[in-house]
Amino acid sequence: MIKKVGVLGAGQMGNGIAHVFAQYGYGVVLFDIAGNQLDKAVATIGQNLERQAKKGAIAESLIGETLGRIRTTTEMADLADVDFAVEAVTENEQLKLEIFRKLDSIVKPGSILASNTSSIPITKIASATSRPDKVIGMHFMNPVPVMKLVEVIRGHATSDETFAITSELVARLEKEMAVSQDYPGFIVNRILMPMINEAAFALFEGIATAEDIDKGMKLGTNQPMGPLTLADFIGLDTCLAIMNVLYEGFRDSKYRPCPLLVKMVNAGYLGRKSGRGFYQY
């Protein structure tokens, strides 16, 4: 029975994951190495809960109850007694492997270790632990409180029991599950990131302006936002990291990152979070 959940990383994805688990009655231990990031995460969760209450999506009383279920910490050792842990740190393979090694040595035996990775193979992440049968991919979509989908990815050694418990958790959070095989990019980013990369190539080759590329895809294919706007929202560094995973994982030139995307990331133009990407904010 899952009662206490650990979330590693208090960024955009981590605070959203902590939010939904706490909202649905789970005790949450939110870990980050930066104390100021934890403060920011709790403030963001509070604002998002208030927004939900104003829209009538949740009762006003749930705001305080939800925040009361979240405990923050800068010590990974405080995750020792969680029943289920979700890692949501930067999309960097070496960092994730290092975290899972540490997490495996800290979290009590029998607990499940999940990764919110959007592209890195779960089998590889699981290999860094002594419990590969208890490791699974649980990829939430951004913004987590709003988006209904969770991609669930079984590693080569993930047990039926681990998969069943994770599936039940997704249902308890009132999310929908899409199950993917463990190949780079899984379902969503295997399809989405090459589209964003191709939009960057269209801009790079002078086919059209960023505005017209986005207008074409919004009005021509009924997408809520254009691919370049979406890239800025996701973060160009994250988009590039996922394209690199796809390119290295499949060794197929169709996944080659656009040189313009590489140059922009090198320049620090990362999208909304840096104030400048394909657009200025």
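The values are calculated or read from the model by the stated rules, or taken from the named source; none is laboratory data. Predicted model, so just to flag it, every value in this text is computed and none were measured. Neighbour counts run over all protein chains shown; Cβ positions are idealised from the backbone, glycine included.
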Within the range 134-172, take every residue that is part of a loop (DSSP other than H, G, I, E, B) and within 16 Å of the chain's Cα centre (by Cα) and give me the one that is surrounded by the fewest Cβ atoms within 10 Å (Cβ to Cβ).
LYS148
If you scan the range 1-19, which residues turn out to be outside any strand (DSSP E or B), touching a strand residue (DSSP E or B) at 6+ places or on another chain (Cβ under 9 Å) and surrounded by fewer than 22 Cβ atoms within 10 Å (Cβ to Cβ)?
ILE2, LYS3
Only unsatisfied item for ALA59, checking (1) modelled with pLDDT under 95; (2) crowded, with 21+ Cβ neighbours inside 10 Å, is (2)
Name the residues in the range 35-56 that are crowded, with 17+ Cβ neighbours inside 10 Å and small (Gly, Ala, Ser), would you?
ALA41
Just give me the residues in the range 173-183 being assigned to a loop (DSSP other than H, G, I, E, B) and either farther than 26 Å from ALA22 by Cβ or among the basic types (Lys, Arg) (or both), in sequence order.
LYS175, GLN181, ASP182, TYR183
Contact list, first residue from the range 140-153 and in the same structural domain as ARG51 (by TED's automatic domain parsing), second anywhere and of a type in the set (S, T, N, Q), beta-carbon distance below 6 Å, six or more apart or interchain, is PHE140/ASN116; PRO145/ASN48; GLU151/SER180; VAL152/THR166; ILE153/SER180
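Conditions (1) surrounded by fewer than 18 Cβ atoms within 10 Å (Cβ to Cβ); (2) free of Cβ contacts under 8 Å to residues at least 12 places away in the same chain; (3) of a type in the set (Gly, Ala, Ser); (4) not in a helix (DSSP H, G or I), marked per residue:
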site: GLY185; (1), (2), (3), (4): no, no, yes, yes
site: ARG190; (1), (2), (3), (4): no, no, no, no
site: ASN197; (1), (2), (3), (4): no, no, no, no
site: ASP212; (1), (2), (3), (4): yes, yes, no, no
site: MET217; (1), (2), (3), (4): no, no, no, no
site: GLN223; (1), (2), (3), (4): yes, yes, no, yes
site: PRO257; (1), (2), (3), (4): no, no, no, yes
Among the residues that make up the range 71-90, is at least one of them in a helix (DSSP H, G or I), within 19 Å of the chain's Cα centre (by Cα) and at pLDDT 95 or above?
no
Among residues of the range 81-128 being touching a Leu at 6+ places or on another chain (Cβ under 9 Å) and surrounded by fewer than 20 Cβ atoms within 10 Å (Cβ to Cβ), the residue nearest to ILE234 (Cα to Cα) is LYS124
If we scan the range 212-222, do we find a residue that is charged (D, E, K, R) and closer than 30 Å to GLN94 by Cα?
no
